[in-house]
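The values are calculated or read from the model by the stated rules, or taken from the named source; none is laboratory data. Just so you know, these numbers come straight off a predicted model, no measurement behind them. Here the Cβ is made from the backbone with ideal geometry for all residues, glycine too, and neighbour counts use every protein chain on show.
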Amino acid sequence: MWPNVKSNQTMTVRKTETSPILDMVHETATGLHDAGLLNDVTMREFDALCLPAPPAFTPEQVKALRSRCRVSQPVFAAYLNVSKTAVAGWEAGDRKPGPTARKLLDLVDRKGLEVLS
């Protein structure tokens with residue numbers, strides 16, 4: 001699926017769970033960029049538009065993730081750079097993590113809490 005990249009070409013690497021159609025369109029845009037038909041700014045903008053939205057986390061998933069990391073709510077909040085009340089609200093279902101927090105939660109879920117230290 002990855003095009004052959006020569007030393008003077010740029011390849012945009014994406015790991016997504018998007019549709020096969022979007023992946024093909026992105027691959028085509030990468031080819032156009034490599035051929036010099038799409039400028040760097042346009043390709044960066046296209047890359048940004050193709051990023052998948054961070055997954056949603058249920059209160060149970062947030063609590064399970066924190067428990068798996070073996071940290072308290074205040075410590076988990078410090079790693080995520082949010083307040084302890086935000087984490088408590090997520091776990092109680094009173095609040096939902098915003099896009100940035102969801103991205104960090106996804107990162108911690110996939111790579112572990114150490115990735116944020």
### Message
Among the residues of the stretch 31-42, are any in contact (Cβ under 8 Å) with a residue 40 or more places away in the chain and assigned to a loop (DSSP other than H, G, I, E, B)?
### Response
no
### Query
Listed residues V108, V62, V115; which is at pLDDT below 95 and hydrophobic (A, V, I, L, M, F, W, C)?
V115
### Query
Any idea which residue in the stretch 58-74 is nearest to A88 (Cα to Cα), counting only those that are in a helix (DSSP H, G or I) and of a type in the set (K, R)?
K63
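Among the listed residues E45, E60, which satisfies the condition of being under 25 Å from A29 (Cβ atoms) and either touching a residue at least 60 places away in the same chain (Cβ under 8 Å) or of a type in the set (D, E) (or both)?
Values: E60 fails: under 25 Å from A29 (Cβ atoms).
Criteria check complete, one pass: E45.
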### Message
Kindly evaluate A77 against the criterion of being outside any loop (DSSP other than H, G, I, E, B), among the hydrophobic types (A, V, I, L, M, F, W, C) and surrounded by 12 or more Cβ atoms within 10 Å (Cβ to Cβ).
### Response
yes
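Condition check ((1) of a type in the set (V, I, T); (2) surrounded by 15 or more Cβ atoms within 10 Å (Cβ to Cβ)) across all residues:
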site: P55; (1), (2): no, no
site: T58; (1), (2): yes, no
site: C69; (1), (2): no, yes
site: E91; (1), (2): no, yes
site: K96; (1), (2): no, no
site: R102; (1), (2): no, yes
site: V108; (1), (2): yes, yes
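So that you can scan it fast, the table gives a plain yes or no per residue for (1) under 24 Å from S117 (Cα atoms); (2) surrounded by 16 or more Cβ atoms within 10 Å (Cβ to Cβ):
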residue	(1), (2)
R44	no, no
D47	no, yes
Q73	yes, yes
T85	yes, no
### Task
Give me a count of the residues in the stretch 77-95 that are under 12 Å from F57 (Cβ atoms) and more than 17 Å from the chain's Cα centre (by Cα).
5
### Query
Any chance the stretch 12-20 includes a residue that's in a helix (DSSP H, G or I) and at pLDDT 60 or above?
yes
